[in-house]
Structure formats: structure tokens, C-alpha cells
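Asks: Dropping the structure in here first, questions after.
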Amino acid sequence: SLQRDRNAYAEIFILDTKGTVVLSTDFDRMNVNYETQLFYRQGTLKFFSGFSDIPDFDDQNLIVSTPLFDTNGQIIRGVIVLRSDANSIKRIMETTPGFTDAETYLVDKNYNPVTATRTSTEAVRSRAALDAILENVDGQGTYENYAGEDVLGYYKWYEPMQMAIIAEV
């Protein structure tokens, strides 16, 4: 059990109030600044979970962050960040056993597919993605997907990860 917990995260690090790493399980990460990253900006406000596009993180780019408060719980003293392997989530999203015509994928706030799509695409601008990302609404129905195909789909905005979850047949 202890060994499993130890391997649950590729890295754990703490950022100060300016977004600079002050403590990390990876010594090479010390003093790196992440103030422009979503996981820092959101992590100063509330719990955040999502994927990072920092190349150095490679497949260990599933990020969870949350603010660190002082002992009174009033003043933010920094952000704690947990980094883990995203492949297990991606495998779940990218496979639909028994449904060869089905596809599920995640889309970030910039309309970039986070998980693999059947047809290669730079951006997903279907009605599902636009409704979920711009309006933060859940929906279902028939529409044209990112590849121009008519599909029956379901979509949901998932606030903690700042992503749209889209499932289509």
C-alpha cells in the first residue's frame, strides 16, 4: 500500500505566491516559475484538476493543484501541485469497448483535443464543444462533429478540469 501511494504521483511540488517552485520531490524543478500556467492561476483560487501542455512533463501531465493557506485559513501562502501519469485517463476516454462507431474525447478551453480523436484535428469547434466551453452547458442531440460527420452526441462541461467531455456515435 505504501509503495502504491509513493508511485501515485510523478512529482509533488509547492509554489510560492509568485508561482515559483520552493519545494519539490524533483530537485531539478527548484526555482522554476509557473505563474503563467493555468494550474497555478486556478490553484491560487480553488481546487484545480487538468492537463498541462508543458513538454517537460511528458505523459505525467495530469495536474491537481490547490491553494495553501496560513494557519487561520485566511491568507494564501502558496499552491501545492501534484503531477501524475495521464495515460490511464486517456486510455479510458479513447476506448469505447463494444461500440466501434462511438468516440469519446476531452477538449480544453482553447478547443484543443486533449485526448486522441479518430480523425486528426488541430481544434474541435463543433456545436458540442462551443456549447460546453462557451456556455458551460450540458447537452445532447444530433449535430456535425469536428470532422464534418453527422453524429448523435452528449457533451458536458467539467468545471474542475476546465474541459468539455464529449461522447458521440
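What follows is calculated from the coordinates using simple rules that are stated; it is not laboratory data. Quick caveat, the model's predicted, so the values are computed rather than measured. All Cβ positions, glycine included, derive from the backbone under ideal geometry; neighbour counts span all protein chains shown.
Asks: Taking the Cα centre as origin and putting +1 on Lys and Arg beta-carbons and -1 on Asp and Glu beta-carbons, what dipole magnitude results for the chain, to the nearest 20 debye? It would help to have the intermediate numbers written out before the result.
Replies: Details: 15 positive and 25 negative charges, 111 e Å.
Rounded to the nearest 20 debye, it is 540 debye.
Asks: Can you pull the three principal axis extents for the Cα set of segment 110-162, in Å, largest first?
Replies: Answer, in whole Å and largest first: 27, 22, 14 Å.
Asks: Of the listed peptides 142-149, 62-69, what is their order by residue-averaged count of other C-beta atoms within 10 Å, with the highest listed first? Before the final figure, lay out the partial values.
Replies: On the way: 142-149: 15.4, 62-69: 19.9.
Highest mean packing first, the order is 62-69, 142-149.
Asks: Using a Förster distance of 30 angstrom, determine the FRET efficiency expected from the C-beta separation of Gln60 and Asp101, and round it to 0.05.
Replies: Working: r = 32 Å, r/R0 = 1.08.
So, using R0 = 30 Å, E works out to roughly 0.40.
Asks: Taking a ≥ b ≥ c as the square roots of the eigenvalues of the Cα gyration tensor of the chain, is the shape rounded (a/c under 1.5), prolate (a/b larger than b/c) or oblate? Intermediate results must be reported in sequence, preceding the final value.
Replies: On the way: a/c = 2.46, a/b = 1.85, b/c = 1.33.
Verdict is prolate for the chain.
Asks: Quick one: length gained pulling Tyr158 to Lys46 fully straight, 0.36 nm per residue minus the C-alpha distance? All intermediate terms of the calculation are to be shown ahead of the outcome.
Replies: Working: separation 112, 0.36 × 112 = 40.32 nm, distance 1.47 nm.
Length gained, Tyr158 through Lys46: 38.9 nm.
Asks: Quick query: amide H of Tyr34 versus all other amide H atoms, modeled in the peptide plane; which residues come in under 5 Å with a sequence gap of 5 or more or a different chain?
Replies: Excluding prolines and chain starts, which carry no amide H, the hits are Thr20, Val21.
Asks: Pull up all non-local amide H partners of Leu152: gap of 5 or more, or a different chain, and H-to-H distance under 5 Å with H placed in the peptide plane.
Replies: It is Val169, by chain and number.
Asks: Still on this model: If you plug each phi of segment 80-86 into the Karplus form 6.51 cos²θ - 1.76 cosθ + 1.60 with θ = phi - 60°, what whole-Hz ³J(HN,Hα) values come out, in order, with x for Gly and Pro?
Replies: 9, 10, 10, 10, 9, 6, 8
Asks: What length, rounded to one decimal in nm, is gained on full extension from Met30 through to Ile75, with 0.36 nm per residue of separation minus their alpha-carbon distance?
Replies: On the way: separation 45, 0.36 × 45 = 16.20 nm, distance 2.34 nm.
Separation in residues times 0.36 nm, less the Cα-Cα distance, equals 13.9 nm.
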